[in-house]
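One structure below.
The values are calculated or read from the model by the stated rules, or taken from the named source; none is laboratory data. These numbers come from a predicted model, not from an experiment. Here the Cβ positions follow ideal geometry from the backbone for every residue, glycine too, while neighbour counts run over all protein chains shown. All accessible areas refer to the heavy atoms of the entire protein, side chains included, with ligands and DNA or RNA removed. Shrake-Rupley method; radii C 1.70, N 1.55, O 1.52, S 1.80 Å.
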Amino acid sequence: AQRVTQPEKLLSVFKGAPVELKCNYSYSGSPELFWYVQYSRQRLQLLLRHISRESIKGFTADLNKGETSFHLKKPFAQEEDSAMYYCALNLWTDKLIFGTGTRLQVFP
Amino acid sequence: GAGVSQTPSNKVTEKGKYVELRCDPISGHTALYWYRQSLGQGPEFLIYFQGTGAADDSGLPNDRFFAVRPEGSVSTLKIQRTERGDSAVYLCASSNGLAGETGELFFGEGSRLTVL
């Protein structure tokens, strides 16, 4: 079955430290993956998609088909990065499958 | 409005009652999605509309759940004979095409349903 796994419920780092939020997926086809973010008191929004190979707010994510992973990385975390992060898998259909999310806390 | 609007933002009801949750998508967005998010979980797909028709309702948990979008814009999620397990945040999202093409869903703030 198609599944997205985010093993960490909570990740705490200090400002300026590197961050890696883990995401693994289970899908036999060619996946399309996304990271969505929810800041405090805001709605869920798209952060980045693997197909665009973009860097948003200093975050990048590389699709590793061999390891079936799509980890989100940032070299120097900022306090404003504190939020809930969800990895999502698109099955090239009409719906996204979301992971359970990782809460990132960045301390000053 | 500029974004997806959901009403009510909060709904408390008693077990066995009927509930309606409304979603007003971004103007011009043809696709509309309902997701459910339980505590500590990610959003779980319920149903997807393309225009007025439900293109995929495979995520609806049982026949107590039903959704409509009669004019291809506003959608209503209807829950009959509510149960305590229905308590969750119900999220609506819209997009200007298939999630498969753009991947970007625009979410509302959600309707928090509490069934006592």
Problem set entry | Answer from B:ASP86, B:ASP63 - the residue that is farther than 19 Å from B:PHE107 by Cβ and either open to solvent by less than 30 Å² (accessible area, probe 1.4 Å) or touching a Pro at 6+ places or on another chain (Cβ under 7 Å) (or both) | B:ASP86
Exercise. Looking at (1) among the polar types (S, T, N, Q); (2) open to solvent by 20 Å² or more (accessible area, probe 1.4 Å); (3) away from every other protein chain (no Cβ under 14 Å), which is the one condition that is false for B:SER75?
Worked result: (2)
Exercise. Which numbered condition trips up A:ARG103, out of (1) in a strand (DSSP E or B); (2) within 10 Å of chain B (Cβ to nearest Cβ); (3) open to solvent by 10 Å² or more (accessible area, probe 1.4 Å)?
Worked result: (2)
Exercise. So, in region A:75-86, of the ones that are in contact (Cβ under 8 Å) with a residue 60 or more places away in the chain and more than 16 Å from A:LYS22 (Cα to Cα), which residue ends up farthest from the other protein chains (Cβ to nearest Cβ)?
Worked result: A:PHE76
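Among the residues of region B:38-66, which ones are away from chain A (no Cβ under 14 Å) and either closer than 21 Å to B:SER27 by Cβ or acidic (Asp, Glu) (or both)?
Listed by number, the residues that qualify are B:THR52, B:ASP63.
Tell me whether region B:81-88 contains one or more residues that are closer than 22 Å to B:LEU116 by Cβ and part of a strand (DSSP E or B).
Let us first name the residues in region B:81-88 that are closer than 22 Å to B:LEU116 by Cβ, namely B:81-88.
Right, trim to part of a strand (DSSP E or B) and you get B:88.
Scanning region B:81-88 turns up at least one residue that is closer than 22 Å to B:LEU116 by Cβ and part of a strand (DSSP E or B).
Looking at the structure I just gave you, is B:GLY51 at pLDDT below 95, out of contact with any Phe, Trp or Tyr (no Cβ under 9 Å at 6 or more places or on another chain) and loosely packed, with under 15 Cβ neighbours inside 10 Å? Steps first, please.
Working: at pLDDT below 95: yes; out of contact with any Phe, Trp or Tyr (no Cβ under 9 Å at 6 or more places or on another chain): yes; loosely packed, with under 15 Cβ neighbours inside 10 Å: yes.
Answer is yes for this residue.
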Exercise. Under 7 Å by Cβ, and 6 or more places apart or on different chains, what pairs join a residue from region B:18-36 that is under 19 Å from B:ASP56 (Cβ atoms) with one that is open to solvent by 10 Å² or more (accessible area, probe 1.4 Å) and acidic (Asp, Glu)?
Worked result: B:TYR35/B:GLU44; B:ARG36/B:GLU44
Seminar exercise, completed: If we keep only residues of region B:6-29 that are touching a Leu at 6+ places or on another chain (Cβ under 9 Å) and part of a loop (DSSP other than H, G, I, E, B), then the residue farthest from B:ARG112 (Cα to Cα) is B:PRO25
For this session: Look through A:GLU8, A:GLU20, A:GLU80 and report the one residue that is over 26 Å from B:VAL89 (Cβ atoms), acidic (Asp, Glu) and either assigned to a loop (DSSP other than H, G, I, E, B) or open to solvent by 50 Å² or more (accessible area, probe 1.4 Å) (or both).
Result: A:GLU20
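Just checking, which of A:LEU46, A:LEU72 is under 13 Å from the mean Cα position of the chain (by Cα), within 14 Å of chain B (Cβ to nearest Cβ) and of a type outside the set (Phe, Trp, Tyr)? Steps first, answer last, please.
Details: A:LEU72 fails: within 14 Å of chain B (Cβ to nearest Cβ).
So the residue among A:LEU46, A:LEU72 that is under 13 Å from the mean Cα position of the chain (by Cα), within 14 Å of chain B (Cβ to nearest Cβ) and of a type outside the set (Phe, Trp, Tyr) is A:LEU46.
For A:LEU89, are the conditions met, namely being within 14 Å of another protein chain (Cβ to nearest Cβ), in contact with a Ser or Thr (Cβ under 6 Å, 6 or more places away or on another chain) and open to solvent by less than 60 Å² (accessible area, probe 1.4 Å)? Quick ask: steps written out before the conclusion?
Details: within 14 Å of another protein chain (Cβ to nearest Cβ): yes; in contact with a Ser or Thr (Cβ under 6 Å, 6 or more places away or on another chain): no; open to solvent by less than 60 Å² (accessible area, probe 1.4 Å): yes.
No; evaluated as a whole, the condition is false for this residue.
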